[in-house]
1. Using a Förster distance of 45 angstrom, determine the FRET efficiency expected from the C-beta separation of residue 252 and residue 174, and round it to 0.05.
2. Compute the signed sum of charges (Lys and Arg +1, Asp and Glu -1) over the other residues within less than 14 Å, Cβ to Cβ, of residue 295.
3. Given charges of +1 on the Cβ of Lys and Arg and -1 on the Cβ of Asp and Glu, with all other atoms neutral, how large is the dipole of the range 39-184 about its Cα centre, in debye to the nearest 20?
4. Rounded to the nearest 5, what % of the DSSP beta bridges within the range 221-312 are antiparallel ones?
5. Could you give the nm distance between label points at residue 197 and residue 100, where each point is 7 Å from its Cα heading toward the beta carbon?
6. Put a dot 7 Å past each Cα toward the Cβ at residue 155 and residue 51; how far apart are the dots in nm?
7. Would you mind classifying the range 77-146 by shape? Square roots of the alpha carbon gyration tensor eigenvalues, ordered a ≥ b ≥ c; an a/c under 1.5 is rounded, otherwise it is prolate if a/b is larger than b/c and oblate if not.
8. Which order do peptides 122-132, 219-229 fall in by mean Cβ count within 10 Å, highest first?
Amino acid sequence: MTLLTHTKRLLTENLALKATALALAFLMWMTLTSDQPVEKVVSVRLEYLHIPEGLEISSQQAGLLDLHIRVPGRRSGMSDADLRVMVDLKDATPGRKIIHLDPLKNVIRPAGVEVLKLSPPRLTLFLERSVQAAIPVEPTIEGAPPPGFEVAGVQVTPAKVLIAGPESHVRSAAVARTETVSIQGRSTLVNVWVNITVEDPAIRILDTKPVQVTVEIRERRREVWVTGVRVRPEPEDPARRLQPASVRVRVSVPHSLRQELTPDMFLGVATLGDPDPGGGRQTAGPKVELTQAAPPDVRILEIQPATLEVITSRKKRSSDTTR
């Protein structure tokens with residue numbers, strides 16, 4: 001028997017038996033390798049239990065922990081949600097707390113999972129009294145009206161919002177802010193409902209309803225003076241006159257108004273009191289109104305002078321009239 005013939009017989013005889021042995025060897029290899037432990041690091045959020053009523057966590061070292069774990073190979077696809085790190089604050093009191101984390105005491109994990117290390121291994125947190133306060137709501141306005149228009153006023157309703165949280169955080173909270181309200185290119189009233197927020201994540205807004213932001217937009221105005229506005233005495237008395245007999249008026253008009261304002265667009269009146277028998281000095285305050293000849297949206301701001309003198313003519317004596 002030649003060597004070639006012998007080798008051929010070894011390869012071709014009992015093929016079924018040889019295939020079965022090979023499959024069993026492969027399955028055994030898969031089983032052994034799948035049970036090889038795997039080490040990895042997962043991030044797990046801290047959970048706090050039994051926080052005493054009336055207390056809140058005002059600051060903490062970290063919100064997430066890194067767990068260094070060893071899992072069997074067959075569990076290498078385990079979800080991070082299967083791991084939990086919990087801290088019991090049942091008997092905690094206000095102030096600074098240092099908590100040493102124990103892999104056996106603080107970590108909940110599936111069977112077969114070994115926690116090698118927690119990072120960080122301890123926590124520092126502060127507990128404070130929980131308080132409430134009302135703070136103003138400040139609107140966030142973006143953009144600008146078109147040329148010739150301006151923002152006349154901004155109103156938020158309600159003007160304040162109730163917040164709650166750790167005492168030091170609530171005391172330092174100045175305002176709550178709205179979402180951005182755009183007035184870019186707007187020339188009329190803007191009225192929108194928006195949500196509000198507080199920058200400090202430790203603070204809760206107790207009423208999360210939207211607030212109303214109203215932005216009044218109007219045409220810009222300019223001021224002009226009109227001189228020579230006559231003031232009529234009331235009642236009219238030939239023996240008494242006003243000094244001066246006219247005033248100048250400062251008015252506000254729309255920026256786009258190009259019509260010239262003239263004195264006849266105004267009506268001035270000064271109410272005279274009873275004459276003073278003793279001849280004492282008398283004054284009268286002028287009032288000025290617009291006539292129908294005035295253009296719309298003209299507003300009177302100031303009258304100068306604000307006081308007029310009343311001049312009484314002396315009666316001629318009888319001896320003077322007979323001469």
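What follows is calculated from the coordinates using simple rules that are stated; it is not laboratory data. Remember, it's a predicted structure, so these values are computed and weren't measured experimentally. Quick reminder, even Gly has a Cβ in these numbers, built from the backbone with ideal geometry, and neighbours come from all protein chains shown.
1. FRET efficiency, residue 252 to residue 174: 0.80.
2. 0
3. On the way: 17 positive and 17 negative charges, 136 e Å.
Dipole size: approximately 660 debye.
4. The antiparallel fraction comes to roughly 85 percent.
5. In this crude label model, residue 197 to residue 100 measures out at 4.1 nm.
6. So the label points at residue 51 and residue 155 sit 3.8 nm apart.
7. Since a/c reaches 1.5 but b/c is at least a/b, the shape of the range 77-146 is classed as oblate.
8. Going from most to least packed, we get 122-132, 219-229.
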